[in-house]
1. Suppose R0 equals 51 Å. What FRET efficiency, 1/(1 + (r/R0)^6) with r the Cβ-Cβ distance, do Lys47 and Thr253 give to the nearest 0.05?
2. Between Lys134 and Lys83, take the C-beta separation as r, use R0 = 30 Å, and let me know the FRET efficiency to the nearest 0.05.
3. State the percent of C-alpha pairs, over all pairs in the chain, separated by a distance greater than 22 angstrom.
4. Helix-only mean residue ellipticity at 222 nm, the chain, DSSP H runs n ≥ 4 weighted -39,500 (n - 2.57), per residue, nearest 500. What is it?
5. Could you work out the equivalent-ellipsoid semi-axes for the stretch 174-283, taking the square root of 5 times each eigenvalue of the Cα gyration tensor, largest first, in whole Å?
6. Please compare each pair in Lys121/Lys277; Lys2/Lys174; Lys101/Lys135 to a cut-off of 22 Å on the Cα-Cα distance and tell me which ones are over it.
7. If we count every other residue with Cβ under 11 angstrom of Glu19's Cβ, Lys/Arg +1 and Asp/Glu -1, where does the sum land?
8. When only alpha-carbon atoms count, how far does the stretch 2-52 stretch along each of its three principal axes, as whole angstroms with the largest first?
Amino acid sequence: MKLIRFGKPGQERPGVELESGEKLDVSSFTTDFNKDFFTNNGIEKLKEWLATNDAPIVNDLERLGCPVSNPSKIVCVGLNYAKHAEESGMSVPEEPVLFFKATTAIVGPFDNVMLPKNSLKSDWEVELAVVIGKKASYVPKNDAMDYVAGYVLHNDISEREYQLERQGQWVKGKSCDTFAPLGPYLVTKDEAPDPHNLDLWLKLNGETMQSSNTSDLVFDIPTLVSYISEFMTLLPGDIISTGTPFGVGLGLTPPIYLKEGDVMELGIDKLGVSRQKVIAFSE
Ligand code: ZN
């Protein structure tokens with residue numbers, strides 16, 4: 001199943017996208033795709049409900065939002081593709097590098113990305129993100145996939161000066177408003193039975209910048225879920241972004257960074273395509 005949220009920012013309603021591309025409004029089944037929905041086995045119950053109930057069609061012109069409502073956190077994994085570690089001038093880590101991204105950075109898959117005030121080094125990162133389906137604490141690797149609800153396409157926008165040239169943690173360069181376009185939909189894990197063999201790509205103004213496959217992940221999804229759950233409790237709806245492959249702007253000679261008017265288009269097999277236009281800062 002593909003879960004969507006549609007409507008104006010902050011007023012999104014839950015829906016599903018069918019194989020045909022048609023979208024259905026399921027707000028008479030659930031108020032939202034939030035922590036309670038995932039906690040209460042909402043995906044299975046929604047599937048059953050859809051088999052016997054008619055849901056109204058969603059107009060194709062409706063804006064799409066992030067398919068998960070109010071995740072408690074976004075945990076990101078750094079340097080999780082070997083060639084990306086190399087282009088960043090860093091070595092492949094011996095255990096996962098983790099950092100946070102503020103949830104206030106979340107926007108919809110086709111919303112604009114706004115350059116931060118005085119930003120000169122904003123960059124793109126296509127990533128497969130995992131959505132947690134049930135509360136996870138000290139989860140053994142062998143059981144880790146039981147805690148996964150599904151997957152979503154993420155553009156982990158990053159301001160490299162804030163991330164790397166200012167003091168302290170990467171979180172500074174990852175959390176600006178609009179820096180987490182998520183969607184178009186949450187693909188439930190049954191629809192992507194092998195998440196470790198999916199092509200992922202990103203184009204800037206029509207030119208391919210990133211093109212790789214999730215088979216190149218250094219630490220796979222069960223390893224990440226298990227590892228992160230050693231250090232914090234993951235709640236239903238939480239998002240783990242698994243890292244970006246080679247081909248970011250930072251790694252080019254000379255580097256290329258985002259500017260007003262640029263268009264990023266990105267996609268992952270089975271997880272759909274998103275597109276964001278870059279706009280200048282405004283209050
Ligand atoms: Zn990233």
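Coordinate-derived values only; no laboratory data. Worth saying up front: this structure is predicted, and the values here are computed from it rather than measured. So basically every Cβ, Gly included, is an ideal-geometry build from the backbone, and we count neighbours across all protein chains shown.
1. After rounding, the FRET efficiency stands at 0.55.
2. Rounded to the nearest 0.05, the efficiency is 0.35.
3. Tail of P(r) above 22 Å: 54 percent of Cα pairs.
4. Helix contribution divided over all residues of the chain: -3000 deg cm²/dmol.
5. 26, 18, 15
6. Check vs 22 Å cut-off fails for Lys2/Lys174.
7. So the environment of Glu19 carries a net charge of -2.
8. 28, 28, 16
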